Amino acid sequence: MSELWSDLSLWTSLSLFLLYVVVDWLYAMYTLSVTKLKPARAATIGAGMYVLLAYGVISYSHNILYLVPIGAGSWIGTYLAVWWERRETKDKV
């Protein structure tokens with residue numbers, strides 16, 4: 001277990017956290033694009049999302065502790081996307 005902690009990088013953790021904020025925001029936008037039947041937008045977002053996800057998979061496959069910033073970033077990304085969409089929907093009403 002101590003080997004996991006010694007291999008943990010603050011910068012990698014921070015970059016994964018921020019990356020997964022973006023990835024989960026993109027995932028929420030992807031879902032909204034699919035439900036609104038916008039195929040080009042959904043396909044573009046989906047492709048970008050999978051490219052970004054690859055970095056996270058490579059990182060946490062070397063050290064499981066990187067799942068902590070990934071989970072936190074994912075939660076925040078989804079929350080922000082839904083909050084933003086709700087705000088946009090209220091402005092249109």
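The values are calculated or read from the model by the stated rules, or taken from the named source; none is laboratory data. What you see is a predicted model; the values in this text were computed from it and never measured. Neighbour counts run over all protein chains shown; Cβ positions are idealised from the backbone, glycine included. What goes into the accessible areas is simple: the full protein's heavy atoms, side chains included, and nothing from ligands, DNA or RNA. Shrake-Rupley method; radii C 1.70, N 1.55, O 1.52, S 1.80 Å.
Before moving on, here are some points about what is shown:
- Filtered residues of the stretch 1-49 (kept if surrounded by 12 or more Cβ atoms within 10 Å (Cβ to Cβ), of a type in the set (D, E, K, R) and either more than 25 Å from E85 (Cα to Cα) or out of contact with any helix residue (DSSP H, G or I) (no Cβ under 9 Å at 6 or more places or on another chain) (or both)): D7
- Tallying residues that are of a type in the set (V, I, T) and surrounded by fewer than 10 Cβ atoms within 10 Å (Cβ to Cβ) within the stretch 65-93 yields 2.
- The stretch 75-93 residues that are farther than 16 Å from Y30 by Cβ, paired with ones that are open to solvent by 90 Å² or more (accessible area, probe 1.4 Å) (beta carbon under 7 Å, 6 or more apart): none
- Filter result for A54 (of a type outside the set (F, W, Y) and open to solvent by less than 40 Å² (accessible area, probe 1.4 Å)): no
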